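Q: The structure that follows is given in the form of structure tokens.
The values are calculated or read from the model by the stated rules, or taken from the named source; none is laboratory data. None of these values were measured; they are calculated from a predicted model. Neighbour counts are summed over all protein chains in view; Cβ atoms, including those assigned to glycine, are modelled from backbone coordinates with ideal geometry. Only protein heavy atoms, including side chains, enter the accessible area calculation; ligands, DNA and RNA are left aside. Shrake-Rupley method; radii C 1.70, N 1.55, O 1.52, S 1.80 Å.
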Amino acid sequence: MAESSHILSFRPLVRCRGVDKTDDVISTVSARRVHPAWWVAGVAFIALLGAAAFRSVPGVFMNPLHDEFGWPHSVISAAVSLNLLLYGLTAPFAAALMVRFGIRRVTVTALLLVAAGSGLTVFMTASWQLVVCWGLLVGLGTGSMALAFVSTVVDRWFVARRGLVSGVLTAGSATGQLIFLPLAAVLVEKFGWRVASLAIAATALLVGLLVWAVMRECPRDVGVAAYGATGEEPEPVRERGNPAALALRTLRDAARVPAFWLLAGGFAICGASTNGLVNTHFVPAAHDHGMPTTTAAGLLAVIGIFDVVGTVASGWLTDKVNPRFLLAVYYTLRGVSLFLLPQLFAPSVEANMVLFVVFYGLDWVATVPPTLALCREHFGPRASVVFGWVFASHQVGAAAIASIAGVVRDEFGDYAVAWYGAGLLCLLATAFSVSIRRIGATPKVPVATGSASR
């Protein structure tokens, strides 16, 4: 496949209701003290915070479910794998649904699915019901609020500060883990996993009410221009066709660009080394070495604290530094840290484990802002849907290693092979990142696309 250095010639996707005259819009913006984009970003942050929290909880459920029902780790990991897989595969279709039906409707529906999946787990008696509740329903719900949601909100509401806002919103994932994981561990230890499940269901409903009350589709709906807009940006057009067809057509066109496969391959390894391995198996791996579950969950929460710092800093750097270089650095450092991790587990928290937690936290999802920037560079107006597919690969990698690591644990009695394998994969992701060419580095190759209906 020849390298293509163009931006895919997609038409813009969304026509918003409201103001038609850019000059009037800009004058309205100047009269406001706080641009509405920041309120939308705040609500999006809370929704992302909730989605991350709901998705991260199975790690502290694994041992209680094993003890109560006798289900093997590999069986419970299968439900987590389906959750992770759907969390990714839902993203491009959710992005297309947001184009067709709007951000608010799709996000509220997703939160209702999370509430249903979490609430119904209290009635389960068989492992297949865990797969349906936490794997299917929660996976679909959280997948609709995945990082493609970040791309959609940022691309609609911001022209300036896109890298920084992408980093802040992505940090919502870390903050959700920070708030919910220790709380869930305490609830499970003191009251049982059913109380924790019901708490998640109630929280999802509350977040849904907030999204419905505050979220709006795009700047023109409230009489403003996007934050940082100059008035020269083309008016977007809503594509009214089948959202699934839109998502698949976008994949077809993006697949002709080698940069897509390099980004997707690297992001698959990113998912394998974070959500799939560390987020799912760090707590049981630490427990294998005598560390209390609540302590291990607390360490994951500390990873979340430093992830906020690392992701926001990465967003700021993405506005200033070549994103290919950033990705290469992030993946290399992550691989080195995973090689060291098996020697750091102990019954108590040692200084070297604290160092790992800080280091790994800074790198956790720092890869997102530069990956989003490269999607915009290569795929233009449909970057949100393309990033949905790139993110799908992230979760395919996460789902695969979540199951593989469970099998490794059952077969070998520990997770060492899984940690070393993930470290090697991270070095491969480094090679992918440096192979992505800049726009304009090679002759442009035209790409045919489906037409948008006005």
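Q: Out of the residues in the range 287-301 that are free of Cβ contacts under 8 Å to residues at least 60 places away in the same chain and in a helix (DSSP H, G or I), state the one that is nearest to Met353 (Cα to Cα).
A: Here the answer is Leu299.
Q: Please go through the range 273-300 and pick out each residue that is open to solvent by less than 10 Å² (accessible area, probe 1.4 Å), of a type in the set (A, V, I, L, M) and under 13 Å from Tyr360 (Cβ atoms).
A: Leu277, Val278, Leu300
Q: Can you list residue pairs whose Cβ atoms sit under 6 Å apart, with the first residue in the range 321-341 being on the phi < 0 side of the Ramachandran plot and the second being part of a helix (DSSP H, G or I) and among the charged types (D, E, K, R)? Count only pairs 6 or more apart in sequence or on different chains.
A: Tyr330/Asp363; Leu333/Asp363; Arg334/Asp363
Q: Could you identify the single residue in Ala373, Ala383, Ala328, Ala418 that is under 27 Å from Thr293 (Cβ atoms) and of a type outside the set (Phe, Trp, Tyr)?
A: Numbers: Ala373 fails: under 27 Å from Thr293 (Cβ atoms); Ala383 fails: under 27 Å from Thr293 (Cβ atoms); Ala328 fails: under 27 Å from Thr293 (Cβ atoms).
Only one candidate qualifies: Ala418.
Q: With respect to Ala429, is the statement that it is modelled with pLDDT of 90 or more, within 19 Å of the chain's Cα centre (by Cα), over 28 Å from Val159 (Cβ atoms) and open to solvent by less than 60 Å² (accessible area, probe 1.4 Å) true?
A: On the way: modelled with pLDDT of 90 or more: yes; within 19 Å of the chain's Cα centre (by Cα): yes; over 28 Å from Val159 (Cβ atoms): yes; open to solvent by less than 60 Å² (accessible area, probe 1.4 Å): yes.
In short, yes.
Q: Here's something else I'd like to know. Please verify whether the range 399-414 includes one or more residues that are closer than 23 Å to Val329 by Cα and either modelled with pLDDT of 85 or more or touching a His at 6+ places or on another chain (Cβ under 6 Å) (or both). Spell out how you get there, then give the answer.
A: Initially, the range 399-414 is screened for residues closer than 23 Å to Val329 by Cα, giving 401.
With the extra rule that they be either modelled with pLDDT of 85 or more or touching a His at 6+ places or on another chain (Cβ under 6 Å) (or both), the set shrinks to 401.
Among the residues of the range 399-414, at least one is closer than 23 Å to Val329 by Cα and either modelled with pLDDT of 85 or more or touching a His at 6+ places or on another chain (Cβ under 6 Å) (or both), which makes the answer yes.
Q: Output the number of the condition that Pro64 fails; it satisfies all remaining conditions of (1) open to solvent by 30 Å² or more (accessible area, probe 1.4 Å); (2) of a type outside the set (Phe, Trp, Tyr); (3) within 20 Å of Leu183 (Cβ to Cβ); (4) modelled with pLDDT under 80.
A: (4)
Q: If you don't mind, there's one more thing I want to ask. Leu263 fails exactly one of the following numbered conditions: (1) within 19 Å of Tyr420 (Cβ to Cβ); (2) within 16 Å of the chain's Cα centre (by Cα). What is the number of that condition?
A: Just one mismatch for Leu263, condition (1).
Q: Mind counting the residues in the range 303-333 that are part of a helix (DSSP H, G or I), open to solvent by 50 Å² or more (accessible area, probe 1.4 Å) and touching a Gly at 6+ places or on another chain (Cβ under 7 Å)?
A: 3
Q: For the range 356-445, which fully contained helices (runs of 4 or more DSSP H) count at least 3 residues that are closer than 29 Å to Leu246 by Cβ and of a type in the set (Phe, Trp, Tyr)?
A: 383-412
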